[in-house]
Amino acid sequence: MSIGTAKPNEKELSQAEHYFIGSHSIVSPISAGEYERIALKKIEELHQEHKVIILTGGSGLFIDAVCKGLDDLPKVAPKIRAELQIEFEENGLLYLQEKLKKLDPEYFLICDQLNPHRLIRAIELCQTSGKKMAELRNQKTAVRPFDIIYIALNSERKELYKRINQRVHHMLKLGLESEARSLFPKKDLVALNTVGYSELFSYFSGEINISEAVELIKRNSRRYAKRQITWFKRNPEYNWLHPNEIDKIISLSEKKMDE
């Protein structure tokens with residue numbers, strides 16, 4: 001999934017040591033809980049030699065897992081998950097979206113609406129507990145043995161959308177369609193329920209043409225970006241900066257070390 005996930009190229013990887021790049025197979029999905037464990041272990045190792053390390057990415061749930069810890073969520077009966085999976089297979093993604101929207105409209109706005117695994121997880125938790133996700137997650141933040149500087153990169157909406165559209169065309173030039181075709185036989189895997197792949201899978205299946213697929217990738221990427229912004233704005237500790245404000249980003253780190 002190198003192109004569709006914008007994996008750093010060899011030049012970028014050589015500029016600084018990277019971790020967890022190409023470390024897991026798409027056939028072995030990793031949960032937020034597992035990521036929390038391996039990330040904290042790596043952070044502890046790196047802090048033996050480095051004062052500052054960078055955790056970067058776009059998945060709000062995984063970031064929160066490392067920085068705040070996961071909530072003690074209720075156990076869900078296997079029967080409930082199995083029933084929801086059958087309902088998804090019979091009725092499609094829109095059915096899950098509408099179901100979650102009724103159960104928890106606030107969480108629906110910030111969740112990954114194109115990921116059936118995430119939708120099913122939220123629905124089963126709401127059904128099992130009778131609570132909304134905000135209530136389930138309103139628990140005590142875990143204490144971490146390190147300071148955290150939260151930085152969110154953002155630009156004017158018009159500029160952001162322009163960059164998203166340019167990125168889609170750039171990925172296609174790099175060979176996104178060929179990469180997606182090589183993954184098409186495994187299209188039902190959780191890891192592949194991702195913007196950039198699912199739209200091309202619909203094209204390969206004859207449901208839409210290539211132009212429609214490209215426009216859907218752009219639209220769904222824009223929608224995902226909006227949900228990311230909404231998610232991160234829930235945390236008042238974030239410093240919102242333009243991607244070009246490198247000096248300010250560096251100064252935040254230096255100021256923290258001087259405290």
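Computed values, structure above
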quantity: Distance in nm between pseudo-label sites at residue 117 and residue 190 (7 Å out along the Cβ direction from Cα); calculated: 0.4
quantity: 160, 84 arranged by Cβ crowding within 10 Å, fewest neighbours leading; calculated: 160, 84
quantity: Read-out mean projected area of the Cα convex hull in nm², derived from the coordinates shown; its label in (i) 13.6; (ii) 15.3; (iii) 16.2; calculated: (ii)
quantity: Ascending count of other beta-carbon atoms within 10 Å, so fewest first, for 1, 257, 133; calculated: 257, 1, 133
quantity: Inter-label distance for residue 178 and residue 17, nm, one decimal - labels placed 7 Å from Cα along Cα-to-Cβ; calculated: 3.4
quantity: Cβ-Cβ FRET estimate between residue 54 and residue 162, R0 fixed at 22 Å, reported to 0.05; calculated: 0.25
quantity: The range 171-219: C-alpha gyration tensor shape, a/c 1.5 cut-off, then a/b vs b/c; calculated: rounded
quantity: Packing-based ranking, highest mean first, of 109-120, 87-98, 72-83 given that Cβ atoms within 10 Å are counted; calculated: 109-120, 87-98, 72-83
quantity: Global form of the range 115-187, assessed from the alpha-carbon gyration tensor, a/c cut-off 1.5; calculated: oblate
quantity: The range 78-136: C-alpha gyration tensor shape, a/c 1.5 cut-off, then a/b vs b/c; calculated: oblate
quantity: Stretch gain in nm, segment residue 81-residue 226, where the contour uses 0.36 nm per residue and the Cα spacing is subtracted; calculated: 49.4 nm
quantity: Orientation-averaged projected area, Cα convex hull of the range 117-259 (nm²); calculated: 12.3
quantity: Approximate spin-label separation residue 245-residue 37, in nm, with each point projected 7 Å along Cα-to-Cβ; calculated: 3.9
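The numbers here are math on the coordinates, done by the rules we state, and not lab data. Everything numeric in this text was worked out from a predicted model, so none of it was measured. Here the Cβ is made from the backbone with ideal geometry for all residues, glycine too, and neighbour counts use every protein chain on show.
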